[in-house]
Structure formats: structure tokens, C-alpha cells
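Report on the structure given below.
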Amino acid sequence: MMHTTVELPPDNLVLPFAVKSLGIRGRVVRLGEVANEIVHRHSYPAPVSALLAEAVALTAMLGASLKFDGKFILQASSDGAVNMLVCDFATPGQVRGYAQFDADVVANLERSGNVSPAALLGAGHLAMTIDQGRHSDRYQGIVALDGDGLSDAAHRYFLQSEQIPTRLMISSGPLMDRGTDTPDSWRAGAIMVQHLPDDGGISAMEISSGDAPAGAEQTVVEDDNWVRARLLLDTVEDHEILDPTLEPERLLYRLYHEDGVTVFPAVPVHDKCSCSRNRIETVLRSFSEDERKEMTTNGQITATCEFCASEYKFDPNEIEGA
């Protein structure tokens, strides 16, 4: 019997695109092995894995827009079952992430059947930080997490901080490996469009007059091209975002072929942590001798990276400056 190998489309990338006739630009994110490695590095319950995978996809999508050497950091802090999510994207394409959660609360939510991102996150805030290095100021935008998910918070960020009409969708989930002993592989993806007309046309932002009395109804002017662009995006289903056999280019063709979609070179995304023995040793040198003694167990200081779970062991007497 002849076996044929099916070659899957390229994965682990951010694909920029534009639809000039509609005045939109956007990006598609596809994460296979990268998302899988990040969530399987820790023993996360499935709902936490799904939320973290979404956060990594959102971070890759926003970080890939950096035009300089730097880092994009996404951090969610809340009173929910997942009380912290931290992801970062370092140019040209290194992404990592981890989650902190209350296992008992997550288990209760699983039993109740309510494991939506909103239920897991609860109330808090989402911070998005652009770090251009030691010699430049950081830029940070913060929006509330008010009983909703990452995509809703990201929409508010673009509305309040960037004032750019934006529509985005994020999805994650396991790829079932039936009939084998192979663990399920996690995937994540996202797609976003933004209204950035070259001719400076009207964006779909709320317009109001400073002379309007308090409580007066505000006028919203929506550009027809933007309405078309976002309504077409709303037809995308989760399986289309995650399907490893569906090329991102084909997905974009399905959406915008009548309007003429142009794709640009993809940004490869890698699962890579920036931790190192030297960096951790530098941090340890910043502590006092008494503080390092408190960290010492059985004659060693052990440090574990929250992101990649790498473990580093040090003899406190050999730390430079000790």
C-alpha cells in the first residue's frame, strides 16, 4: 500500500496583509508548535492552556508590528482564577508566556462548565508595553478587564489608546490526535483588520461636538469600506483560524478576493526564552549576602524561570560579588 505525505502550509508565523481598496491593513497569526511548546511546558489545566495560547497569539500579532529592535509585553493582572498572564515578543520573532492561576478555582469553574476567558480572568487590567531598550522610554497602555476576555480588552485598547478602528478575533484549541498515544497538540491563531485609509478618509470613530449638551446622543459616522471589511471578518470561524491545512493566504482570499488583498512577507515566530545563567547570576548579585543565604537550600541557590521552566543552580560562594 502506498503512503503519501501531506505537506502542511507554513506555520508559526505572522502574515501582514492589506486591502487597499477598503483602506485596511491587518495580520494573520498561525501558531502550531510554538503554542504547543509553551502550554505543555507547565502542567496547566486545559482552560488555562487555552487562555495562555490566546494571549501568546495576541502578543505575537501586536509585537510583529514593531519596526525597531525592542520588545512588546502583554500582562494581565486580575482577581480571577487566572490572576496573571505574562507574554512578550522580542524582535525579530521570539515569543514566550506563562500563567499564574488558582487550581481550586479553575477546577470549580470546570465543574460548573463556565470556563470562558471572561470567567477565568475576572476583573483587573490589561497592560500593553512597548520597550525600545535601556536608552528609550517605555510606552504603556492600560485598559480594564471588566468581566470580559482578551479580545474585548484589546478592542478597548485600540479605541482608547490608539484611536484606530480595529476588529480582531483570537482562537485556540487542541488538535486531536486520534488512534495514537501522542498527546493533543495545542494551536492558536488570530486575525486582525484596522482602518488605515491612505487618503486620510473618515474612520469609524465616534464624532461629537464640544457644544453638545451633556447626555446628548452622539453621532457615529461609519465609513462604508470599513463596515464591509469588519463584517467580512466577522464571518471567520474558529476552525478556519486554527486549521493547519488552510493556508493563511487562502483564508484571506476567501474573505477579500473581491476587493483585492495583498500579502507581505511573513514574520517567523519562535518559541525562545531570553533567560540565561549569566542574567540570573546578575540578578542574584543584586541581593545582599543575607538575602542570598535565605535563598540557599542544601548549599545551593536554585532559580527556575517562570517562562520556560529552566532550572539554574548556583553555589552562593561562587557568585561574583558575593
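The values are calculated or read from the model by the stated rules, or taken from the named source; none is laboratory data. These numbers come from a predicted model, not from an experiment. For neighbour counting, all protein chains shown are included, and Cβ atoms are generated from backbone atoms with ideal geometry for every residue, glycine included.
Odds and ends about this structure:
- Subset tally (residues that are part of a strand (DSSP E or B) and either modelled with pLDDT of 95 or more or closer than 25 Å to Leu255 by Cα (or both)) for region 145-173: 8
- Members of region 284-303 found to be surrounded by fewer than 12 Cβ atoms within 10 Å (Cβ to Cβ), free of Cβ contacts under 8 Å to residues at least 12 places away in the same chain and on the phi < 0 side of the Ramachandran plot, listed by number: Ser286, Ser288, Asp290, Glu291, Glu294, Thr297
- Some residue of region 15-35 being closer than 23 Å to Leu126 by Cα and in a loop (DSSP other than H, G, I, E, B): no
- Residue within region 24-33 that is within 30 Å of Asp104 (Cβ to Cβ), surrounded by 14 or more Cβ atoms within 10 Å (Cβ to Cβ) and modelled with pLDDT of 95 or more present: yes
- Taking region 223-274 and the helices (runs of 4 or more DSSP H) fully enclosed by it, the elements with 3 or more residues that are over 19 Å from the mean Cα position of the chain (by Cα) are at 224-233, 248-256.
- Evaluation of Tyr44 against (1) in a loop (DSSP other than H, G, I, E, B); (2) closer than 19 Å to Arg138 by Cβ (one fails), failing number: (2)
- Residue in region 192-205 that is modelled with pLDDT of 50 or more, in contact with a helix residue (DSSP H, G or I) (Cβ under 6 Å, 6 or more places away or on another chain), more than 28 Å from Ile130 (Cα to Cα) and not in a loop (DSSP other than H, G, I, E, B) present: no
- Failed item, numbered, when Ser77 is tested on (1) more than 21 Å from Ile191 (Cα to Cα); (2) touching a Phe, Trp or Tyr at 6+ places or on another chain (Cβ under 6 Å); (3) not hydrophobic (A, V, I, L, M, F, W, C): (2)
- Across region 36-68, the qualifying residues are those that are within 15 Å of Val269 (Cα to Cα) and of a type in the set (Gly, Ala, Ser), and the one among them that is modelled with the lowest pLDDT is Ser65.
- So Asp69, is it surrounded by fewer than 23 Cβ atoms within 10 Å (Cβ to Cβ) and in contact (Cβ under 8 Å) with a residue 60 or more places away in the chain: yes
- Taken over region 1-23, the criterion of being over 16 Å from Leu246 (Cα atoms), of a type in the set (A, V, I, L, M, F, W, C) and modelled with pLDDT of 95 or more is satisfied by Phe17, Ala18, Val19, Leu22.
- Considering residues of region 79-129 that are of a type in the set (Val, Ile, Thr) and surrounded by fewer than 18 Cβ atoms within 10 Å (Cβ to Cβ) only, the residue nearest to Asp69 (Cα to Cα): Thr91
- Sole exception among (1) at pLDDT below 95; (2) touching a Phe, Trp or Tyr at 6+ places or on another chain (Cβ under 9 Å); (3) farther than 29 Å from Tyr256 by Cα; (4) not aromatic (Phe, Trp, Tyr) for Met84, by number: (1)
- Test: residue in region 305-312 that is more than 30 Å from Ala35 (Cβ to Cβ) and either at pLDDT below 95 or part of a loop (DSSP other than H, G, I, E, B) (or both): no
Table: residues versus (1) in contact with a Lys or Arg (Cβ under 9 Å, 6 or more places away or on another chain); (2) modelled with pLDDT of 95 or more; (3) loosely packed, with under 12 Cβ neighbours inside 10 Å.
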site: Ala216; (1), (2), (3): no, no, yes
site: Val220; (1), (2), (3): no, no, yes
site: Leu233; (1), (2), (3): yes, yes, no
site: Ile241; (1), (2), (3): yes, yes, no
site: Leu251; (1), (2), (3): no, yes, no
site: Tyr256; (1), (2), (3): no, yes, no
site: Phe264; (1), (2), (3): no, yes, yes
site: Val269; (1), (2), (3): yes, yes, no
site: Lys272; (1), (2), (3): yes, no, no
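- Residues in region 224-270 that are more than 23 Å from Glu54 (Cα to Cα) and among the basic types (Lys, Arg): Arg228, Arg254.
For (1) of a type outside the set (Lys, Arg); (2) in contact (Cβ under 8 Å) with a residue 40 or more places away in the chain, each residue gets a yes or a no:
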{"position": "Thr91", "(1), (2)": "yes, no"}
{"position": "Val95", "(1), (2)": "yes, yes"}
{"position": "Val106", "(1), (2)": "yes, yes"}
{"position": "Glu110", "(1), (2)": "yes, yes"}
{"position": "Ala119", "(1), (2)": "yes, no"}
{"position": "Met128", "(1), (2)": "yes, yes"}
{"position": "Arg138", "(1), (2)": "no, no"}
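- Index of the failed condition, Phe314 passing every other in (1) surrounded by 11 or more Cβ atoms within 10 Å (Cβ to Cβ); (2) out of contact with any strand residue (DSSP E or B) (no Cβ under 9 Å at 6 or more places or on another chain): (2)
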